[in-house]
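Below is one structure, written out as structure tokens, with a few remarks after it.
The values are calculated or read from the model by the stated rules, or taken from the named source; none is laboratory data. Because the structure is predicted, anything quoted here is derived from the model rather than measured. Cβ placement follows ideal geometry from the backbone for every residue including glycine, while neighbour counts extend to all protein chains displayed.
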Amino acid sequence: MKTPAYQCKNIIKKKMDRILSAMPDSDLMAVIAQFFKLFGDPNRLRIIYLLMHQELCVADLAALIGMQQPAVSQQLKILRLCRLVKHRKDGKTIWYSLDDRHVSSIFRLALLHLQER
């Protein structure tokens, strides 16, 4: 990232240069922004919350959330493509779970932050 002309009056230039040089590039910032957009849908958050506690199939998720199965499947597809959710097949049933513990950590951290108010 190109360092802008230094005009800050209260920050040491060396320190600002070090901070700016460590900043993720624009492409990575766009990926991070897209990642956080996934958490911007209440239905996806409900799915994530339920999967934090137990592996579930689409029918169970639909019943618990009060949505139609195709709508839940669509949300799961989005979460799967972005590697927040994984699935496994057991006979005719497909079971969904969180891809890793980081997903629940992000959810819990956001919840904790918002409950502090």
**Message:** assigned to a helix (DSSP H, G or I) and without any contact (Cβ under 8 Å) to a residue 40 or more places away in the chain: which single residue out of L38, L45, L50 fits that description?
**Reply:** L50
**Asked** How many of the residues in the range 61-93 are surrounded by 14 or more Cβ atoms within 10 Å (Cβ to Cβ) and assigned to a strand (DSSP E or B)?
**Response** 3
**Asked** Does the range 94-117 hold any residues that are surrounded by 13 or more Cβ atoms within 10 Å (Cβ to Cβ) and of a type in the set (S, T, Y), and which are they?
**Response** Y96, S97, S104
**Message:** Considering only the range 66-84, I want to know if a residue exists there that is among the small types (G, A, S), modelled with pLDDT under 95 and under 20 Å from the mean Cα position of the chain (by Cα).
**Reply:** no
**Prompt:** With respect to the numbered conditions (1) touching a Pro at 6+ places or on another chain (Cβ under 9 Å); (2) farther than 23 Å from R108 by Cα; (3) of a type outside the set (S, T, Y), which one is the sole condition not fulfilled by Q74?
**Reply:** (1)
